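Read the figures in this text as sums done on the coordinates, not as results from a lab. Just so we're clear, the structure is a prediction, and the values are computed from it rather than from any experiment. When we count neighbours, we look across all protein chains shown, and the Cβ atoms used for this are built from the backbone with ideal geometry, even at glycine.
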Amino acid sequence: GNSVTQMEGPVTLSEEAFLTINCTYTATGYPSLFWYVQYPGEGLQLLLKATKADDKGSNKGFEATYRKETTSFHLEKGSVQVSDSAVYFCALRSASNYKLTFGKGTLLTVNP
Amino acid sequence: NAGVTQTPKFRVLKTGQSMTLLCAQDMNHEYMYWYRQDPGMGLRLIHYSVGEGTTAKGEVPDGYNVSRLKKQNFLLGLESAAPSQTSVYFCASSFWQGPPLGYTFGSGTRLTVV
């Protein structure tokens, strides 16, 4: 079955540091890949997505590249801000199954 | 604002009580989902619906029932609440077309069963 593995947190960074959150997946076929963000006390919001190999999703300074050869979709940001503090979820949605499969989430805390 | 609305936002139940969580969406989405979120477990799918009048079990359906009598509403019921059902519940919805579209989530219901 489909599965998503993302790095365990929590991750604590200083403002303006570089962020990487690793995400790897197992799926049949060619899934679409997503990163969702959950700010404290809120629901999940779509951050970015990629639908095919070598696609790069980007939003709000965050980027992730769909790497089929390594089955990965790592999230990166060059300079984090305090306002980026949140839980980040990697997810996939396969072509044959409309349900999203989520990783367990990574808590990011950015200190001033 | 368009989106997914969940009610109530907070609730405390005693063991054995029943309750219904309501999810409403105004985006004409065909698919709707109920997830629970627990520390260290991520999001786990409880039940889902691919259209009005249809429901199906997800990963953790035991102890829950659902109904989708209208396309815009998806109800999650707990017939006899247990402390293990203490969690944050999220509803989500999506269109049916193809994988590239993500979900729209509600803001969650925090349920405590004592």
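Data overview
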item	result
Added length on full extension, which subtracts the Cα-Cα distance from 0.36 nm per residue, A:GLU69 to A:TYR30	12.9 nm
Spin-label model distance (nm) - A:TYR39 vs B:SER67, 7 Å beyond Cα toward Cβ	3.6 nm
Fraction of alpha-carbon pairs over 23 Å apart in the protein assembly as shown - percent	48 percent
log₁₀ of I(q)/I(0) at q = 0.14 Å⁻¹ - chain B, Debye sum with one point per alpha carbon	-0.51
Long-range HN-HN contacts of A:SER85 with modeled amide H, under 5 Å	A:VAL110
Under 24 Å from A:LYS49, Cα to Cα: lysines that are on another chain or at least 8 residues apart	A:LYS60, A:LYS68, A:LYS77, A:LYS99, A:LYS104
Proximal aspartates and glutamates relative to B:LYS14, as straight alpha-carbon distance under 17 Å, when same-chain residues fewer than 8 apart are discounted	B:GLU79
Electrostatic dipole magnitude of segment B:5-58 [Cβ: Lys, Arg +1; Asp, Glu -1; Cα centre; debye, to 20]	360 debye
Inverse mean reciprocal Cα-Cα distance (Kirkwood Rh) of chain A, Å	14.0 Å
